[in-house]
Amino acid sequence: MKKCFGILLVAAMLAVPLASVAQAKTVFRVNHTLDPSSHYQQGLLYLDKLLKERTNGELSLDIYHSSQLGSERDAIEGVTMGTLEMTLTSSAPLANFTKTFLVFDLPFIISDRDKAYKWMDGPEGQAILKSLEKQNMIGLSIWENGFRMLTNSKLPVKKPEDAKGLKIRLMENPVHLATFKTLGAYPTPMPFGELFTALQQKTVDGQENPLVIIYTSKFYEVNKYVTLTGHFYAPAILLINKQVWEGLTPEQRDIMTKSIAEARDWERNFSKEGEAKLIEDLKKGGADIIEVDKAEWAKALSPVYKEFESVIGKNVIQSLIDAQK
């Protein structure tokens, strides 16, 4: 009887850690470079809410905004090495890890946002995400950063030739660099966290970013001229370390996948709906808003397509163009 009691006692003791494991909470640290009022932050907060609700708090996000855990490049490298679980990053730096992402960076390749969403969420876009696996990352979803606009402190840029000679901060991306060289500008890559000071001190004349970033980062305070070029469309990619993803149960991965898709749609709508208001807010803040003939700009930048056709793949480029017809 004593022996049976001893066995039962040991079994009961062993059951405690097993129960604890079953109820363990998984918190994913996720870094992004934008302001806490940005579309990235709001979309991630919405995802965190969904995950907590659907897993009774078992899964959640610990969100670090404003480059608290490093630049986009730092965060991507952290995810590949497993020192960071997740990041939400613009697609441009990912071209340094897999060339297939360069298709999004071609100037004016996105003409119909909603049709482009279907392409990104379909087999073609998912194949691009899958190319990250060999870099030890899982591309979970394609969110939205937005159409990128040009700002500067020197002159109202209306025509492509007006950009000639301007020193413009860009992300470290070969298509972006080639695009502004084609315009005759002087592209200057630098981390996002250094940008406001560089604009303020006139180290660079201007920069390019979606309106929401221009507004929330207050670039219009040091760059009066805001040109609505929409020259690049910038997706945002939600990444997770491959081992972290594979360490989740099938049920957890299913909940994550469905919640991320819902948060992606929410974040895209949040971005789109805010654009008209952002233009008015920028005007109120003293910005000089300049409209352009986009067809004129697209024609001036058409040589960039030829330059990168062999790198990206002519079929991939044509597929994205055709999807928007």
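The values are calculated or read from the model by the stated rules, or taken from the named source; none is laboratory data. The structure presented is a predicted model; accordingly, all values stated were derived computationally and were not measured. Ideal geometry is used to build each Cβ from the backbone, glycine not excepted, and the neighbour counts take in all protein chains shown. The accessibility values were calculated without ligands, DNA or RNA, using every heavy atom of the protein model including side chains. Shrake-Rupley method; radii C 1.70, N 1.55, O 1.52, S 1.80 Å.
So GLU124 passes all but one of these: (1) farther than 21 Å from VAL175 by Cβ; (2) open to solvent by 20 Å² or more (accessible area, probe 1.4 Å); (3) part of a helix (DSSP H, G or I); (4) touching a Leu at 6+ places or on another chain (Cβ under 8 Å). Which condition number does it fail?
Among (1) farther than 21 Å from VAL175 by Cβ; (2) open to solvent by 20 Å² or more (accessible area, probe 1.4 Å); (3) part of a helix (DSSP H, G or I); (4) touching a Leu at 6+ places or on another chain (Cβ under 8 Å), GLU124 violates only (1).
From the list LYS299, LYS306, LYS325, LYS283, which one is open to solvent by 80 Å² or more (accessible area, probe 1.4 Å) and under 30 Å from THR216 (Cα atoms)? Outline the logic, then answer.
Details: LYS299 fails: under 30 Å from THR216 (Cα atoms); LYS306 fails: under 30 Å from THR216 (Cα atoms); LYS325 fails: under 30 Å from THR216 (Cα atoms).
Going through LYS299, LYS306, LYS325, LYS283 in turn, just one is open to solvent by 80 Å² or more (accessible area, probe 1.4 Å) and under 30 Å from THR216 (Cα atoms): LYS283.
Of the conditions (1) in a helix (DSSP H, G or I); (2) surrounded by fewer than 17 Cβ atoms within 10 Å (Cβ to Cβ); (3) in contact with a Leu (Cβ under 8 Å, 6 or more places away or on another chain); (4) not β-branched (Val, Ile, Thr), TRP119 satisfies every one except a single condition; which number is it?
The one condition TRP119 does not meet is (2).
Can you tell me how many residues within region 22-52 are under 19 Å from VAL244 (Cα atoms), open to solvent by 10 Å² or more (accessible area, probe 1.4 Å) and free of Cβ contacts under 8 Å to residues at least 60 places away in the same chain?
8
In the list LEU211, LEU239, LEU199, LEU228, which residue meets the criterion of being crowded, with 23+ Cβ neighbours inside 10 Å, more than 18 Å from the chain's Cα centre (by Cα) and not hydroxyl-bearing (Ser, Thr, Tyr)? Let's see the steps before the verdict.
On the way: LEU211 fails: more than 18 Å from the chain's Cα centre (by Cα); LEU239 fails: more than 18 Å from the chain's Cα centre (by Cα); LEU228 fails: crowded, with 23+ Cβ neighbours inside 10 Å.
Just one listed residue meets the conditions, LEU199.
Taking region 62-76, which residues are open to solvent by less than 20 Å² (accessible area, probe 1.4 Å) and part of a loop (DSSP other than H, G, I, E, B)?
As a first pass, look at region 62-76 and keep what is open to solvent by less than 20 Å² (accessible area, probe 1.4 Å): 70, 75-76.
Selection gives GLY70 alone.
Of the residues that make up region 53-61, is at least one among the hydroxyl-bearing types (Ser, Thr, Tyr), in contact (Cβ under 8 Å) with a residue 40 or more places away in the chain and not in a helix (DSSP H, G or I)? Write out each step before concluding.
If we filter region 53-61 for residues that are among the hydroxyl-bearing types (Ser, Thr, Tyr), which is where we start, we get 55, 60.
Narrowing further to those that are in contact (Cβ under 8 Å) with a residue 40 or more places away in the chain: 55.
Restricting the remaining residues to those that are not in a helix (DSSP H, G or I) gives none.
Within region 53-61, none of the residues are among the hydroxyl-bearing types (Ser, Thr, Tyr), in contact (Cβ under 8 Å) with a residue 40 or more places away in the chain and not in a helix (DSSP H, G or I).
Output the residues belonging to region 36-52 that are among the hydroxyl-bearing types (Ser, Thr, Tyr) and part of a helix (DSSP H, G or I). Step through it out loud before you land on a result.
Taking region 36-52 first, the residues among the hydroxyl-bearing types (Ser, Thr, Tyr) are 37-38, 40, 46.
Matches in region 36-52: TYR40, TYR46.
Any residue at all in region 229-236 that is touching a helix residue (DSSP H, G or I) at 6+ places or on another chain (Cβ under 8 Å), assigned to a helix (DSSP H, G or I) and among the aliphatic types (A, V, I, L, M)? Can you show your working first?
Residues of region 229-236 touching a helix residue (DSSP H, G or I) at 6+ places or on another chain (Cβ under 8 Å): 229-236.
So of that shortlist, the ones also assigned to a helix (DSSP H, G or I) come out as none.
No, because not a single residue in region 229-236 is touching a helix residue (DSSP H, G or I) at 6+ places or on another chain (Cβ under 8 Å), assigned to a helix (DSSP H, G or I) and among the aliphatic types (A, V, I, L, M).
State the number of residues belonging to region 137-191 that are in a loop (DSSP other than H, G, I, E, B) and more than 23 Å from GLN201 (Cβ to Cβ). Let's see the steps before the verdict.
Our first condition is that a residue be in a loop (DSSP other than H, G, I, E, B); within region 137-191, this holds for 153-159, 164-166, 171-173, 183-185, 190-191.
This time we only want the ones that are more than 23 Å from GLN201 (Cβ to Cβ), so: 158-159, 173, 183-184.
Residues in region 137-191 being in a loop (DSSP other than H, G, I, E, B) and more than 23 Å from GLN201 (Cβ to Cβ): 5 in total.
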